[in-house]
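Reading through the structure tokens given below for one structure.
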Amino acid sequence: MLSLRERIGHELLWMPGVTAIVLDAGRTRLLAVQRADDGTWTPVTGIIDPGEEPARAAVREVAEEAGIGCRALRLVDVRALPPITYPNGDRAQYLDLCFLCEADGEAVPFPADGENSAARWFPLDAPPPMNERFMEQLALAREDAAETRFRR
């Protein structure tokens, strides 16, 4: 990424990203992480590496950020996010692919990298305060999870 930024400077960069709505095996709890930079609670998010399959990126990001294994069940949302400008002046716009994921076993999450200060389970009916996009994606994932509960 740094070598690309050296070539294009602060110009707008289109980036593929993932959001992982991770539920526990019983589908009663939601995994959320608290961002170290601004303290907000979010699902796990990240950037897809070049050539990486999006579902694998979601699983990788969950392991990297929350220290647990999961499997991606299905894609539940795709949206173009508004452009953002980072404090250093870099500009980016993300195509976000949101996956419903299921955690492996009774995993205990923890902030596995420096991006987050906390990682924990929340009751599905009492998620942490999250922005509108994440609440919409959670609603889509919950609807999908309820519809597929008996089709495993």
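Here are the numbers for this structure:
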{"read-out": "Cysteines having no other Cys beta carbon under 4.7 Å from their own, within the chain", "value": "98"}
{"read-out": "Global geometry of segment 14-54, whether rounded, prolate or oblate, following the gyration tensor of its Cα atoms and the 1.5 cut on a/c", "value": "oblate"}
{"read-out": "Distant-in-sequence amide H partners of residue 124 (H built 1.01 Å from N, under 5 Å)", "value": "29, 30"}
{"read-out": "Residue-wise HN-Hα coupling along segment 112-126, computed from phi with Karplus coefficients 6.51, -1.76, 1.60 (Hz; x: Gly, Pro)", "value": "7, 9, x, 6, 10, 9, 7, 8, 7, 8, 10, x, 4, 8, 9"}
{"read-out": "Long-range HN-HN contacts of residue 77 with modeled amide H, under 5 Å", "value": "98"}
{"read-out": "Computed [θ] at 222 nm, deg cm²/dmol, the chain (DSSP H ≥ 4; -39,500 (n - 2.57); rounded to nearest 500)", "value": "-7500 deg cm²/dmol"}
{"read-out": "Solvent-accessible heavy-atom area per residue, rounded to whole Å², over the chain at 1.4 Å", "value": "54"}
{"read-out": "Portion, in percent, of the accessible area of the chain that falls on carbon or sulfur, probe 1.4 Å", "value": "55"}
{"read-out": "Placed amide H near residue 12: partners under 5 Å, 5+ positions off or other chain", "value": "none"}
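The values are calculated or read from the model by the stated rules, or taken from the named source; none is laboratory data. This is a predicted model, so every value here is computed, not measured. No Cβ is skipped: glycine too gets one built from the backbone with ideal geometry, and neighbour counts run over all protein chains shown. Accessible surface areas use protein heavy atoms only, side chains included; no ligands, DNA or RNA. Shrake-Rupley method; radii C 1.70, N 1.55, O 1.52, S 1.80 Å.
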